[in-house]
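Peer 1: My structure is below; once you've seen it, I'll send some questions.
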Amino acid sequence: VGRLFSDREIENKAQVVLLSEGLWRERYGADERILGRTIVLGDSSYTVIGVLPAVLRVPDVRRDKTELWLPLDLRDRHMGLSVVGRLRPGVSIGSATRELDAIGSSPDVSPAGNERFVTLIRRPSELIQFRDSLLMLTGAVALVLLVACTNVAHLLMARAATRERELALRVALGAGRGRLFRQLLTESVLLTFAGAVGGVLLGWAGLKALVALRPGSMSELTTAHLDLTTLGLTTVIAVLSGLVFGIAGAFQAGKRSPNEALKTGSLSTSSGRRHDRLRSVLVVSEMAISATLIVAATLLVRTVINLQRADLGFEPKNLYWAPMSLPKARYGSAPARDAFFTELTGRLRATKGVRSVSVAAVPPGSRAFSVGTFEIQGEPASASAAGSSFTDVNNIDRNYFATMGIPLLEGTQFTDTSEAAGQVIVNAGFARSHWGPGGALGKHVRVAYNGEGAWRTIVGVAGNAETTGPGLPSNAPLLYSPLESPALQEAIMIRTDGPTDLARTIRMLVKSIDPQVPVPEIQSMETYVSRSIARPRFTMALLTIFTLIALVLAAVGLYGMMAYSVAQRTREIGIRIAVGATQAHIARAVVRRGVAFAIVGAAAGLSVAYWGTRLLATMLYGVAPLDLTSFATGALVLTVTAAVACIVPTRRAIAIDPIAAIRAE
């Protein structure tokens, strides 16, 4: 409906707006007479000129849905922007990057002396915040699929071995080998197809549950759905699995002579040993894959435990913040902003249950940067924090550290908050890594852009505070500057004596001061910290589920092999018992063989995990990729699982009646 922005409207910064289809239908009942109507945003009026379709989405999966579009003048150099582009056919990202770098370094775009930046082009898929976790989980799914396929191969081989006499009888009655081959292959494909149908249904239900149980910060998962591509891929994998392992089983079944198979009591030692070796290799492979997954899951479990116990450098309990945004039309002057924040913070401090209140430019969970080269007076640029082009900054009032619970380790608070004094407080991680204890006070630092920038004197060193959540410790500099005059957007930090209804209190206070100021949303620091580790906790839970599935499949495979082996060795075990072997001796022999498979599989799996866990390095916190505890846990869990899987075959072995077992002899 309507039209887009005109060039003149963009240049003149006209008060016009485009609505999203969702907002248009929900708020205005899909009324096409919306064109020309006026809506109020903040304290400004905008004229609606069009409605954009719901299918239009900015290719940035980190953003929520867009409901309003305003004209953007690209000549405004005071704004940081992201560019969305479409490459021409046949143009690679590398060549486009080189071309944009060349344009950016030209004198027309970047005059001499300006800071130089390089181009970074990313696909929308690379903007998924849990992309690394997604790739890791995809690998885990592939390993589980390998375990399942290995189990199928083992079971089909065992099934074919038990049907040797039946197949030999069919051949004796006139069935050709091609007919038997097709029969076995058809059975295998039908079994696999039935499993695929059940898997699709379970997968659909599991996906619904996964999306429903996802953390709130993983909104990208809401787009996950079962489509034709998923169904097609599932069908292809099912058919290929059925064909490959069905052919393998049919090939093994057709190797033995029908004459030998029909002989009563006849056993082919060479064929049995060959099948036994192949089944042993399959079981060991299952154990190895399971060991790799166990190690990875243990590393992530320990990571989540460390994140929950991490020292954040401040006290999140009973700490809240409210992001304030003042309308520019009425609060464009510094005195007006000062009056508003002074009255609001004063009333908050007088509220029952409020212990401390402060104002800061950067709320918890956010970061702000100064662009330029970080320099230390008297030191070459190479020694100054690696010449970073982005330096973390935060403008705070005098109550900030007390409200946040961040200790001031060295020096004092700001004694002069004027811009001319140039006082600054730095974080302990940077100060101690660069000067050591006590060496930062009195030093001068600055962020220089185009060679210009005021020098600031370090008057204090504050403790490291991981306000963006645990897991991001850094020795990079963080500069706290005094908040001389509040800006239009500031954060109110509030420390209370206990749980309280701050939302209602702030709503009433803001409305009593200025009814037209948007009421902020109160946020709890405890809730934010919990949400900040929700992603690794969710990833850990999924990987643990995949690991348990693989472990169960491996245990089933080992159980099947041991049970089949005991059944095949019934007469041998009967003879051993008849000549004096005790039940304990027979039990040890069966368990020893199962545990031996687990040990060999664990050794192979831990060797793979030695290299594979390096891929998890960026997801770990407080635990090394080559953590001995995690590797030992993998070996121990696998050995115990193998021992449990051998219980039933062992009981069957020791319960064999030697008279019945050797009667055919």
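The values are calculated or read from the model by the stated rules, or taken from the named source; none is laboratory data. Only a predicted model underlies this, so the values are computations on that prediction, with no experimental measurement involved. So basically every Cβ, Gly included, is an ideal-geometry build from the backbone, and we count neighbours across all protein chains shown. Quick note on the areas: whole protein, heavy atoms, side chains included, nothing else; ligands and nucleic acids left out. Shrake-Rupley method; radii C 1.70, N 1.55, O 1.52, S 1.80 Å.
Peer 1: In the stretch 92-137, what residues are modelled with pLDDT under 85, among the charged types (D, E, K, R) and farther than 30 Å from Leu210 by Cβ?
Peer 2: Matches in the stretch 92-137: Asp108, Glu115, Arg116.
Peer 1: Further question: I'd like the full set of residues that are modelled with pLDDT of 80 or more, in a loop (DSSP other than H, G, I, E, B), open to solvent by 50 Å² or more (accessible area, probe 1.4 Å) and not acidic (Asp, Glu), limited to the stretch 192-251.
Peer 2: Arg214, His225, Leu226
Peer 1: Checking Pro518 against (1) under 21 Å from the mean Cα position of the chain (by Cα); (2) open to solvent by 20 Å² or more (accessible area, probe 1.4 Å), which test does it fail?
Peer 2: (1)
Peer 1: When residues of the stretch 438-458 are filtered for being under 25 Å from Asp311 (Cβ atoms) and in contact (Cβ under 8 Å) with a residue 12 or more places away in the chain, how many remain?
Peer 2: Counting residues in the stretch 438-458 that are under 25 Å from Asp311 (Cβ atoms) and in contact (Cβ under 8 Å) with a residue 12 or more places away in the chain gives 4.
Peer 1: Can I ask one more? Does the stretch 83-109 hold any residues that are assigned to a loop (DSSP other than H, G, I, E, B) and hydroxyl-bearing (Ser, Thr, Tyr), and which are they?
Peer 2: Residues satisfying the conditions are Ser92, Ser105, Ser106.
Peer 1: Would you mind stating whether Ala660 is surrounded by 13 or more Cβ atoms within 10 Å (Cβ to Cβ), closer than 30 Å to Val566 by Cα and touching a residue at least 60 places away in the same chain (Cβ under 8 Å)?
Peer 2: Here the answer is no, as Ala660 does not meet what is asked.
Residues checked against (1) part of a helix (DSSP H, G or I); (2) within 41 Å of the chain's Cα centre (by Cα); (3) in contact (Cβ under 8 Å) with a residue 24 or more places away in the chain:
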position	(1), (2), (3)
Phe5	no, yes, yes
Arg8	yes, no, no
Ala14	no, no, yes
Leu18	no, yes, yes
Leu23	yes, yes, yes
Arg27	yes, yes, no
Gly36	no, no, no
Ile39	no, yes, no
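Peer 1: A further question on this structure: Go through the stretch 406-437 and count every residue that is touching a Gly at 6+ places or on another chain (Cβ under 6 Å) and under 23 Å from Asp311 (Cα atoms).
Peer 2: 7
Peer 1: Moving on. Can you confirm whether Ser607 is hydroxyl-bearing (Ser, Thr, Tyr) and surrounded by 19 or more Cβ atoms within 10 Å (Cβ to Cβ)?
Peer 2: Numbers: hydroxyl-bearing (Ser, Thr, Tyr): yes; surrounded by 19 or more Cβ atoms within 10 Å (Cβ to Cβ): no.
No; evaluated as a whole, the condition is false for this residue.
Peer 1: Can you say whether Pro327 is under 40 Å from the mean Cα position of the chain (by Cα), under 18 Å from Met525 (Cα atoms) and either modelled with pLDDT under 90 or open to solvent by less than 30 Å² (accessible area, probe 1.4 Å) (or both), as far as the supplied structure shows?
Peer 2: Answer is no for this residue.
Peer 1: If I go through the stretch 573-594 residue by residue, how many of them are part of a helix (DSSP H, G or I) and open to solvent by less than 70 Å² (accessible area, probe 1.4 Å)? Working first, answer last.
Peer 2: Here is the first cut: in the stretch 573-594, the ones part of a helix (DSSP H, G or I) are 573-578, 583-594.
Within this subset, residues satisfying the condition of being open to solvent by less than 70 Å² (accessible area, probe 1.4 Å) are 573-574, 577-578, 584, 586-587, 589-591, 593-594.
Of the residues in that region, 12 qualify.
Peer 1: Tell me whether the stretch 279-302 contains one or more residues that are in contact with a Pro (Cβ under 9 Å, 6 or more places away or on another chain) and at pLDDT 85 or above.
Peer 2: Yes, the conditions are met somewhere in the stretch 279-302.
Peer 1: Does Ala584 meet the test of being of a type outside the set (Lys, Arg) and either within 21 Å of Leu300 (Cβ to Cβ) or without any contact (Cβ under 8 Å) to a residue 24 or more places away in the chain (or both)?
Peer 2: yes
Peer 1: Take the residues of the stretch 61-77 that are over 34 Å from the mean Cα position of the chain (by Cα) and modelled with pLDDT under 75: which is surrounded by the most Cβ atoms within 10 Å (Cβ to Cβ)?
Peer 2: Among those residues, the one meeting the criterion is Asp76.
Peer 1: Among Ala603, Ala664, Ala653, Ala660, which is the only one that is modelled with pLDDT of 80 or more and touching a helix residue (DSSP H, G or I) at 6+ places or on another chain (Cβ under 9 Å)?
Peer 2: Going through Ala603, Ala664, Ala653, Ala660 in turn, the sole match is Ala603.
Peer 1: Could you look through the stretch 1-37, keep only residues that are among the basic types (Lys, Arg) and farther than 13 Å from Val51 by Cβ, and pick out the one that is surrounded by the most Cβ atoms within 10 Å (Cβ to Cβ)?
Peer 2: So the residue we want is Lys13.
Peer 1: Taking the conditions exactly as written (over 34 Å from the mean Cα position of the chain (by Cα) and of a type in the set (D, E, K, R)), does Arg614 satisfy them or not? Can you show your working first?
Peer 2: On the way: over 34 Å from the mean Cα position of the chain (by Cα): no; of a type in the set (D, E, K, R): yes.
It is false that Arg614 is over 34 Å from the mean Cα position of the chain (by Cα) and of a type in the set (D, E, K, R).
Peer 1: Looking at the stretch 521-543, can you tell me whether even one residue there is open to solvent by 60 Å² or more (accessible area, probe 1.4 Å), in contact (Cβ under 8 Å) with a residue 12 or more places away in the chain and either touching a Gly at 6+ places or on another chain (Cβ under 6 Å) or of a type in the set (Val, Ile, Thr) (or both)?
Peer 2: Scanning the stretch 521-543 turns up no residue that is open to solvent by 60 Å² or more (accessible area, probe 1.4 Å), in contact (Cβ under 8 Å) with a residue 12 or more places away in the chain and either touching a Gly at 6+ places or on another chain (Cβ under 6 Å) or of a type in the set (Val, Ile, Thr) (or both).
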